[in-house]
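The values are calculated or read from the model by the stated rules, or taken from the named source; none is laboratory data. For clarity, every value in this text was computed on a predicted model and none was experimentally measured. Note: ideal-geometry Cβ built from the backbone for every residue, glycine included; neighbour counts use all protein chains shown.
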Amino acid sequence: MASQGPSSDIEAFRTLLKGSKRVLALCGAGLSASSGLSTFRGAGGMWRNHDATVLATPEAFAEDPGLVWLFYSYRRHKALQAEPNPAHYALAELARRMPEFWCLSQNVDGLSTRAAHPSAQLKLLHGSLFDIKCFNERCGYIERDNFNDPVHPSLAITSEEDPRMDAAGTTNETSDSSAGAQNGRNSSKRSSTDQTIPTSQLPHCPSCRTGLLRPGVVWFGEALPVNTISEISNFIARGPIDLIMVIGTTATVYPAAGYVDVARRKGAKVAVFNVDGADLGSATGLGKEDFLFVGDAAETLPSALKEMK
Ligand SMILES: [Zn+2]
């Protein structure tokens, strides 16, 4: 039975990588785990007294943009205090020596960019905390890789106990819970005087001058960046894929979940780097041709990606 499972032979993996030309990596939160960042996802995804999954919506931004901005300003601040770890650097180095290696990342933390991962080979499926775009979709303005902290004077997080955040109630809360489920989007509309930061003080779009600027992350209920998705589809369609590395993610969310199967159909071996060797999500069903490296990606990846002479 043991012979049917995936290999954990690092030399065999290096030989496969050396003979590979077209390679994908699908990255998730586990890539950044040892950099110490909270993703505010899943159970317990609370920020102050707010459910992070409620704040990460266009509806919450429309209702109280200052509150949502403070949440993201806080996350930008924390991400800038964190440092890229050896796994980010190892992937960036691999990208430099392998032109047809693309890293598809679900992370918004900017750490791969700060590890100097070549931008043409880094596809951010969920956008970035450090992209700033216009809330008016018809405008289309976007600024990439703005690492200013704070992004705007009104959004400075001066202390962990910023009173502006305590003053704001829980978003989307309505007095009538049954009606709230149906009409939460409209019925809880606040007047501008209830807003955490007056709209006039928030950053506005330098292009259309009327729209508010917003974080360039993909919020719940929003489509993934169309150009990014079509670039990835074109890359996959161009030819066989030799290898897909699945790093720190169970990749159960579409379309990330589909990339493992698509790559397999294009001939790819699968190599999983994950702290949990039991729950592999979309990468389950590894065969004896595939690889599984259990552990912190910051430890397993640099050694696996080391250049062979
Ligand atoms: Zn605009």
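Across region 270-280, a minimum of one residue is classified as polar (S, T, N, Q), in contact (Cβ under 8 Å) with a residue 40 or more places away in the chain and buried (at least 24 other Cβ atoms within 10 Å of the Cβ).
No other residue among 2, 12 is modelled with pLDDT under 95 and assigned by TED's automatic domain parsing to the domain that holds residue 237 apart from 2. Close Cβ contacts (under 7 Å, 6 or more residues apart or on different chains) running from residues in region 200-223 that are at pLDDT 95 or above and among the small types (Gly, Ala, Ser) to residues that are within 11 Å of the ligand (Cβ to nearest atom) and assigned to a loop (DSSP other than H, G, I, E, B) comprise 207/139; 207/141; 211/135; 211/136; 211/139; 211/205. None of 108, 68 is of a type in the set (A, V, I, L, M) and within 25 Å of residue 194 (Cα to Cα) except 68.
With respect to the conditions (1) modelled with pLDDT of 85 or more; (2) out of contact with any helix residue (DSSP H, G or I) (no Cβ under 9 Å at 6 or more places or on another chain), residue 57 lacks only one, and its number is (2).
Filtering region 122-146 to residues that are within 16 Å of the ligand (Cβ to nearest atom) and outside any loop (DSSP other than H, G, I, E, B) leaves 131, 132, 133, 134, 142, 143. Can you say whether residue 70 is assigned by TED's automatic domain parsing to the domain that holds residue 211 and aliphatic (A, V, I, L, M), as far as the supplied structure shows? Taking the combined requirement at face value, the residue satisfies it.
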